[in-house]
Amino acid sequence: MFTLPPITLPGIDEYAEAHSAPDPAQLAGVTGNDLGMGHLVSGQLVSGLLRMFIHTLQPKLILDIGTFTGYSALSMAVALPEDARVISCEIDPERAEVARKNIAEAGYADVVSVRVGPALDTIAGIEEPLDLVFIDADKPNYHTYYSATLPKLAPRGLIACDNTLWRGEIIDADSTDSDVRALRQFNDAVAADPRCESVMLTVRDGVTLIRRV
């Protein structure tokens, strides 16, 4: 699997992975390498963090924005309580097909639904409260996804946003990368939003946790 440059001390991520639970067997082979983009998979530490949230929150409905190969959806599906489900949003039909295949082979096609099309369309059609939202999609639309899902959160619901430190480039004032600019604007907006409380974790590529107040 592709390894991101560290945003913490060299070797710390590897140490953390070695001292954390490994990926469940159902995630074996769901690497993203078949699409030539293994670096887009969120990785063992984020996967473990999502499963911890599920064990704690005991959610009924989870929204996964950015399916890719189905890795994050499967990471959450393996920890689901009874009668819970995952709706996963993917704009790319090819990626959606890969994800559906991986999800079906792992035995979770009955609890994970992959919706192809703009995520905002899917979000607009959801009437039940969202217990957990995982955002790991196109960075310029992070704030749009956040704005659409925050009002739909359950009272104890949580939004988790991946890649919010973007390989550490987020603090590089000279970076002209469009994703870095978008993530900076998103991070600033969340930190200033009186509707929520947030905490940014230096897990892998940065994970921001948000709850409504």
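The values are calculated or read from the model by the stated rules, or taken from the named source; none is laboratory data. All figures in this text were calculated on a predicted structure; none of them were measured in a lab. Cβ coordinates were reconstructed from backbone atoms using ideal geometry, including for glycine residues, and neighbour counts include every protein chain displayed. With ligands, DNA and RNA removed, areas are computed over all heavy atoms of the protein, side chains included. Shrake-Rupley method; radii C 1.70, N 1.55, O 1.52, S 1.80 Å.
Checking each residue in segment 189-213 for being modelled with pLDDT under 95 and of a type in the set (Lys, Arg) picks out only 204.
The number of residues in segment 146-174 that are open to solvent by 20 Å² or more (accessible area, probe 1.4 Å) and not hydrophobic (A, V, I, L, M, F, W, C) comes to 10.
Quick grid of which residues meet (1) part of a strand (DSSP E or B); (2) closer than 22 Å to residue 22 by Cα; (3) of a type in the set (Gly, Ala, Ser); (4) touching a Phe, Trp or Tyr at 6+ places or on another chain (Cβ under 6 Å):
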{"site": "64", "(1), (2), (3), (4)": "yes, yes, no, yes"}
{"site": "73", "(1), (2), (3), (4)": "no, yes, yes, no"}
{"site": "89", "(1), (2), (3), (4)": "yes, no, no, no"}
{"site": "96", "(1), (2), (3), (4)": "no, no, yes, no"}
{"site": "104", "(1), (2), (3), (4)": "no, yes, yes, no"}
{"site": "114", "(1), (2), (3), (4)": "yes, no, no, no"}
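Considering (1) touching a helix residue (DSSP H, G or I) at 6+ places or on another chain (Cβ under 8 Å); (2) at pLDDT 85 or above; (3) within 22 Å of residue 200 (Cα to Cα), the lone condition that residue 41 does not fulfil carries the number (2). Picking from residues in segment 126-145 that are farther than 22 Å from residue 47 by Cβ and part of a loop (DSSP other than H, G, I, E, B), the one that is least open to solvent (accessible area, probe 1.4 Å) is 126.
Do the conditions hold for residue 179, that is, is it surrounded by fewer than 18 Cβ atoms within 10 Å (Cβ to Cβ) and more than 18 Å from the chain's Cα centre (by Cα)?
So residue 179 fails the test.
In summary, residue 73 fulfils each of the numbered conditions (1) closer than 14 Å to residue 145 by Cβ; (2) buried (at least 19 other Cβ atoms within 10 Å of the Cβ) with the single exception of condition (1).
Got a sec? Which of 123, 103, 62, 54 is out of contact with any Lys or Arg (no Cβ under 9 Å at 6 or more places or on another chain), more than 21 Å from residue 29 (Cα to Cα) and surrounded by 15 or more Cβ atoms within 10 Å (Cβ to Cβ)? The conditions single out 54. The condition of being loosely packed, with under 15 Cβ neighbours inside 10 Å and under 17 Å from residue 53 (Cβ atoms) holds for only one of 203, 207, 199, 213, that being 199.
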